[in-house]
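As structure tokens, the structure follows; a few thoughts come after it.
The values are calculated or read from the model by the stated rules, or taken from the named source; none is laboratory data. Source: prediction; values computed, not measured. For neighbour counting, all protein chains shown are included, and Cβ atoms are generated from backbone atoms with ideal geometry for every residue, glycine included.
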Amino acid sequence: MAKILVIDDEASIRRTLKDILEYEKYDVDVAEDGFDGLEKAESDNFDVILCDIKMPRMDGIEVLEKLQNKSPDSTVVMISGHGTIDAAVECIKKGAFDFISKPLDLNRLMITIRNATDKTQLVTEAKVLKKKVSKNYEMIGESQEIIKIRKMIERVAPTDARIFITGESGTGKELVARQIHEFSHRSKKPFIEVNCAAIPSELIESELFGHEKGSFTSAVKQKKGNFELANGGTLFLDEIGDMSFAAQAKVLRTLQENKITRVGGEKEIDVDVRVIAATNKNIHKEIQNDNFRDDLYHRLSVILIHVPSLNEREDDIPILAGQFLKQICNEHGMPAKEFTEYALAELKKITWTGNIRELKNVVERLAILCDKSINAENVINFAQPLQKAKKQ
């Protein structure tokens with residue numbers, strides 16, 4: 001049941017709206033002026049707030065401004081018997097969802113409240129989803145290497161410095177990039193990921209910079225590239241060591257000028273993008289072998305972050321395995337399971353060539369195939385035969 005607060009200095013309006021809205025199965029509270037309304041909005045959560053404009057002591061516009069801080073999740077609808085276009089425009093500019101003139105048209109009021117309730121629900125769902133996504137990309141571990149990376153992220157995230165991330169496949173380079181984005185001032189803007197190794201060399205320029213209609217055979221319509229889509233946010237160029245030399249040259253020019261030109265186009269388009277690059281290759285060897293541009297590397301590597309392999313942080317394996325097991329059981333609707341101490345010791349003996357990605361796959365296999373308590377024998381039977389064990 002949606003909760004509504006009515007702020008109006010006229011007792012008859014408060015009483016009428018309360019009766020009508022309660023008849024429509026809404027939970028309704030009332031306030032006789034702006035001060036009372038703000039106090040109630042601060043102490044309770046309302047889906048929708050109906051607020052009059054002309055009130056003694058504090059007018060509705062001032063209440064609206066204060067509600068943006070005190071009750072940011074509530075959707076505010078302004079009502080007034082002195083409705084003008086200027087007043088309506090001012091209210092909308094200051095964050096109101098809608099403006100309704102008195103005498104109130106009840107049909108319009110009910111439609112507005114339904115729409116406002118839907119908006120509040122969508123905002124709440126979006127926040128829940130964002131929290132779930134953020135949790136999926138949480139950095140897990142207490143090893144010195146991970147603590148060092150966390151501190152580096154905290155320091156560099158608020159800046160616009162370009163970052164170059166290195167590390168083996170499956171170590172969590174994307175996770176580091178997403179954490180940097182989450183803690184940056186660009187966090188409300190897009191995070192666009194491009195896997196340079198997965199895109200054919202002849203299509204990489206179109207993916208990055210977009211193309212104009214007719215610029216090549218399959219270009220049946222204009223398309224924005226990832227630099228444009230990430231405008232204001234972060235562009236993550238994963239596996240940049242596999243990018244073609246021609247595309248590297250265009251990326252370098254974009255980083256120098258903050259402008260792009262679509263394939264087949266002539267117009268220059270301004271872009272404001274923070275670029276984070278990553279590779280699992282030895283980039284210095286790639287430069288020596290003329291596979292990667294030295295000048296592009298220096299443009300991208302203002303900050304260097306190396307993500308250690310799982311074998312270099314084996315003390316984090318029990319923490320990671322426990323977290324993955326809990327997450328997988330929840331996702332599959334399984335009863336909670338746990339590792340025995342000896343099972344975790346066996347996991348630490350394994351050489352993880354696929355790093356964290358491989359560990360998660362093994363934990364999922366164990367969760368599906370084993371009983372409530374996963375023991376050392378289970379790990380030996382279902383994990384180690386596929387692994388190369390470390391020397392004891």
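The rows are residues; the columns are (1) assigned to a helix (DSSP H, G or I); (2) surrounded by 16 or more Cβ atoms within 10 Å (Cβ to Cβ); (3) among the β-branched types (V, I, T).
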site	(1), (2), (3)
D272	no, no, no
I276	no, yes, yes
L296	yes, yes, no
E314	yes, yes, no
A321	yes, yes, no
E331	yes, no, no
M334	no, no, no
Y342	yes, no, no
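Within the bounds of region 278-294, is there any residue that is within 25 Å of T351 (Cβ to Cβ), free of Cβ contacts under 8 Å to residues at least 24 places away in the same chain, in a loop (DSSP other than H, G, I, E, B) and not assigned by TED's automatic domain parsing to the domain that holds L366?
Yes.
Cβ contacts < 6 Å: first residue touching a residue at least 24 places away in the same chain (Cβ under 8 Å), restricted to region 2-16; second residue among the aliphatic types (A, V, I, L, M) and assigned to a loop (DSSP other than H, G, I, E, B), any location; separation 6+ or different chain. Result?
Final answer for the pair search is D9/M55.
Out of region 66-79, which residues are of a type outside the set (V, I, T), modelled with pLDDT of 85 or more and touching a strand residue (DSSP E or B) at 6+ places or on another chain (Cβ under 8 Å)?
If the condition is that a residue be of a type outside the set (V, I, T), modelled with pLDDT of 85 or more and touching a strand residue (DSSP E or B) at 6+ places or on another chain (Cβ under 8 Å), then L67, S74, M78 are the ones that fit.
Do you know which residues across region 203-240 are among the charged types (D, E, K, R), in contact (Cβ under 8 Å) with a residue 40 or more places away in the chain and in a helix (DSSP H, G or I)?
Listed by number, the residues that qualify are E205, E228.
Out of A96, A88, A31, which single residue is among the aliphatic types (A, V, I, L, M), surrounded by 13 or more Cβ atoms within 10 Å (Cβ to Cβ) and modelled with pLDDT under 90?
On inspection, the qualifying residue turns out to be A88.
Take E239 and decide whether it is over 21 Å from S301 (Cβ atoms), assigned by TED's automatic domain parsing to the domain that holds T166 and either within 28 Å of the chain's Cα centre (by Cα) or of a type in the set (A, V, I, L, M) (or both).
no
Quick check on E338: is it surrounded by fewer than 19 Cβ atoms within 10 Å (Cβ to Cβ), more than 22 Å from I153 (Cα to Cα), not basic (K, R) and not assigned by TED's automatic domain parsing to the domain that holds Q248?
Spelling it out, E338 is indeed surrounded by fewer than 19 Cβ atoms within 10 Å (Cβ to Cβ), more than 22 Å from I153 (Cα to Cα), not basic (K, R) and not assigned by TED's automatic domain parsing to the domain that holds Q248.
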